[in-house]
Amino acid sequence: VPFPACDLLPVKKYNDVFTQHPHFVTMLATRGCPFRCTFCDRENRMGRAWRMRSPENVVREMRMIHDKYGISEFMFFDDNFIVDQKWVLDFCREVEPFHFLWEVRARVDMVDLPLLQAMRKAGCYRIRYGMESSDNLTLKLIQKDITVEQIRKCAEASHKSKIEIFAYFMLGLPEENQVKMQKTLDLAVEIDPDFVIFSK
């Protein structure tokens with residue numbers, strides 16, 4: 001499968017309030033997500049089977065975009081970039097020499113300090129985490145399969161690695177009341193993300 005035809009788009013007209021450079025390109029390195037969150041529509045779009053391009057192939061596309069358009073910042077829109085830590089580490093080794101900036105989306109239970117430090121060294125400066133709630137029962141009801149303690153550990157490791165946290169939370173989940181929603185707001189303040197979005 002060839003790389004996307006960036007020449008058909010006015011790539012230099014695209015910008016984003018969250019990026020560090022004036023111009024950036026979105027990419028997909030993997031497709032699918034094997035997890036089972038009840039609120040998510042990804043299964044109908046990308047499927048549950050997680051499949052990946054080779055790290056070499058992904059970096060080759062990044063280099064092509066950089067050489068052709070002078071763009072060195074990449075926003076990965078993968079449903080879940082970190083499913084296989086070995087694949088991520090291989091990607092980090094491939095991309096590190098080129099000093100690109102990049103961000104990804106990931107789960108809080110799929111990262112640890114060594115992985116985050118390797119990612120930061122390789123140019124990852126932001127991770128978007130679906131944290132959703134501060135209540136373990138609520139997290140269980142939506143089949144997120146994470147805990148509040150994992151959210152806290154993830155935030156601590158991300159801060160130590162100097163990777164920005166873009167946190168996603170939801171309000172009004174099943175069986176939530178005002179007290180539980182306030183706990184979610186309190187958790188967001190506690191973990192001190194760089195950016196946060198609350199969705200209903």
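For the reader, a short list of remarks on this structure follows.
- Here is the figure for segment 100-143: residues that are surrounded by 19 or more Cβ atoms within 10 Å (Cβ to Cβ) and polar (S, T, N, Q) total 3.
- Within segment 184-200, if we keep just the residues that are of a type outside the set (A, V, I, L, M, F, W, C) and open to solvent by 90 Å² or more (accessible area, probe 1.4 Å), the residue that is nearest to Ser134 (Cα to Cα) turns out to be Glu190.
- In the set (1) in contact with a Lys or Arg (Cβ under 6 Å, 6 or more places away or on another chain); (2) of a type outside the set (Lys, Arg); (3) touching a residue at least 40 places away in the same chain (Cβ under 8 Å); (4) open to solvent by less than 50 Å² (accessible area, probe 1.4 Å), Pro34 fails one condition alone, (4).
- Test: residue in segment 172-184 that is touching a residue at least 12 places away in the same chain (Cβ under 8 Å), over 20 Å from Phe18 (Cβ atoms) and touching a strand residue (DSSP E or B) at 6+ places or on another chain (Cβ under 8 Å): yes
- Note on segment 121-143: residues that are under 18 Å from the mean Cα position of the chain (by Cα) and not in a helix (DSSP H, G or I) total 12.
- Filtered residue count, segment 42-61, keeping only those that are buried (at least 18 other Cβ atoms within 10 Å of the Cβ) and either touching a residue at least 40 places away in the same chain (Cβ under 8 Å) or assigned to a helix (DSSP H, G or I) (or both): 4
- From the list Phe91, Phe3, Phe74, the one residue that fits, being modelled with pLDDT of 95 or more and outside any helix (DSSP H, G or I), is Phe74.
- Members of segment 144-177 that are at pLDDT below 95 and either assigned to a helix (DSSP H, G or I) or open to solvent by 80 Å² or more (accessible area, probe 1.4 Å) (or both): Glu175
- Residues of segment 62-75 that turn out to be crowded, with 20+ Cβ neighbours inside 10 Å and touching a Lys or Arg at 6+ places or on another chain (Cβ under 9 Å), as a count: 1
- Complete set of residues in segment 78-88 that are open to solvent by 30 Å² or more (accessible area, probe 1.4 Å) and either in a helix (DSSP H, G or I) or at pLDDT below 95 (or both): Asp79, Gln85, Lys86
- Segment 116-140 residues that are free of Cβ contacts under 8 Å to residues at least 24 places away in the same chain and among the hydrophobic types (A, V, I, L, M, F, W, C), paired with ones that are surrounded by 20 or more Cβ atoms within 10 Å (Cβ to Cβ) and not in a helix (DSSP H, G or I) (beta carbon under 8 Å, 6 or more apart): Leu139/Glu132; Leu139/Ser133; Leu139/Ile146
The values are calculated or read from the model by the stated rules, or taken from the named source; none is laboratory data. Remember, it's a predicted structure, so these values are computed and weren't measured experimentally. We place every Cβ from the backbone using ideal geometry, glycine too, and count neighbours over all the protein chains shown. Note: accessible area is taken over every heavy atom of the protein model, side chains too, but ligands, DNA and RNA are not part of it. Shrake-Rupley method; radii C 1.70, N 1.55, O 1.52, S 1.80 Å.
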